[in-house]
Structure formats: structure tokens, C-alpha cells
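J.: One structure coming up, written as C-alpha cells, with questions to follow.
The values are calculated or read from the model by the stated rules, or taken from the named source; none is laboratory data. On a predicted model such as this, the values are computed, not experimentally measured, just so you know. Using ideal geometry, Cβ is built from the backbone for each residue, glycine included, and neighbour counts are taken over all protein chains shown. Accessible surface is based on the protein model in full, side chains and every heavy atom, while ligands, DNA and RNA are left aside. Shrake-Rupley method; radii C 1.70, N 1.55, O 1.52, S 1.80 Å.
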Amino acid sequence: MVFSPKHTAYEDKAFEYLNYLIKNRKRFELKEIRKPRTQSQKGYMYVTFNYVVLRTGSSLEDVKQILFKEICNPDIFIREGMFGKTYLRSTEDLDTKEMFVATENFRNHCALELGIYIPSPNEEEKLEALEAEISMFYSK
């Protein structure tokens, strides 16, 4: 069940339901519902990936799967599935906060370990310059 704090009339019902689950020893999951990642976050992510591809010669898939997910953000992306087998979570499943943390970890790693400066999302002029450089590279 999803309960909204905007409807205070449902607060009692939410506590009633929680108490019912506890009293009857039912399994349940209680978590905050967050906004999914935004389109601008997704666009920013792919600009940064392509810039690292340009600078390192790695494939886009390697930058995304290995560098971004496994090296920079294992705690966000590596999950344990059935029978102890691990898998990588999709970026589509991230909320805005997780996406922000993941891209910051990626930016920091690129700067410290690869010597590649990636502008923050609010550095619009620098990002436009990156996009132009990426565009020229791919149009060759």
C-alpha cells in the first residue's frame, strides 16, 4: 500500500495496517518512495560517458558497465540475485538521489584516477564545449 503524507486522514490507517502486519508476523517492506531519475540526469550521464570514451578509447559499454557501475558505484549497482549470483542494476531503476551520488562518484573517480575533469551539471558552458568536442569526434 502507498500512503501519502498529504492526506492526514490516512495516517491512522497506515499505522493500523503496520500494526496488523507486525501483530500477525507478516513479511513487509517499508520504504520511502522517491522520484525516479530525471531525463536531464540521464542526458548528463551519457555526455560524461561519451567524454570518457573519447579520452580513454574505451567502449561506451565498458565505461557504463565496468567503470561507472562496477568500479565507481558497486554499492549502488551490484546486487545479489537467486542462488548467490550477482547482477548489475539498471540505471533506469535509480531515483534522483542515487543518480546524483552515482554521477558524483564517477566524476570524482575520473578526476582522481584518470586525470579527466568532467564539469558538474550546472557548468553549462563547459558542458556545451564537451558536447561540441564529442560531436566533432563522432562526425569524423
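J.: Look through region 81-114, keep the residues that are closer than 18 Å to Phe49 by Cα and among the basic types (Lys, Arg), and return whichever of them is modelled with the highest pLDDT.
T.: Arg107
J.: Just wondering, is there one or more residues in region 62-73 that are of a type outside the set (D, E, K, R), open to solvent by 50 Å² or more (accessible area, probe 1.4 Å), at pLDDT 95 or above and part of a helix (DSSP H, G or I)? Write out each step before concluding.
T.: Just the residues of region 62-73 that are of a type outside the set (D, E, K, R), to begin with: 63, 65-68, 71-73.
The next check asks that each one be open to solvent by 50 Å² or more (accessible area, probe 1.4 Å); those that pass are 66, 71.
With at pLDDT 95 or above added as a condition, the list becomes 66, 71.
Restricting the remaining residues to those that are part of a helix (DSSP H, G or I) gives 66, 71.
Among the residues of region 62-73, at least one is of a type outside the set (D, E, K, R), open to solvent by 50 Å² or more (accessible area, probe 1.4 Å), at pLDDT 95 or above and part of a helix (DSSP H, G or I), which makes the answer yes.
J.: Moving on. Between a first residue in region 119-132 that is of a type in the set (A, V, I, L, M, F, W, C) and a second residue that is assigned to a loop (DSSP other than H, G, I, E, B), which pairs have beta carbons less than 8 Å apart while being 6 or more apart in sequence or on different chains?
T.: Between residues of region 119-132 that are of a type in the set (A, V, I, L, M, F, W, C) and residues that are assigned to a loop (DSSP other than H, G, I, E, B), the close pairs are Leu127/Pro119; Leu127/Pro121; Leu130/Ile118; Leu130/Pro119.
J.: Within region 78-116, can you find the residues that are exposed (fewer than 12 other Cβ atoms within 10 Å of the Cβ), more than 18 Å from the chain's Cα centre (by Cα) and assigned to a loop (DSSP other than H, G, I, E, B)?
T.: Across region 78-116, the qualifying residues are Gly81, Lys85, Gly115.
J.: May I ask you to list pairs of residues, at least six apart or on different chains, whose Cβ atoms are under 8 Å apart, with the first in region 105-118 being in contact (Cβ under 8 Å) with a residue 24 or more places away in the chain and the second being of a type in the set (D, E, K, R) and assigned to a helix (DSSP H, G or I)?
T.: So the pair list comes out as Leu114/Arg55; Ile116/Arg55; Ile118/Arg107.
J.: A further question follows. Quick check on region 12-56: of everything there that is at pLDDT below 85 and of a type in the set (A, V, I, L, M), which residue is surrounded by the most Cβ atoms within 10 Å (Cβ to Cβ)?
T.: Taking the candidates together, the pick is Ala14.
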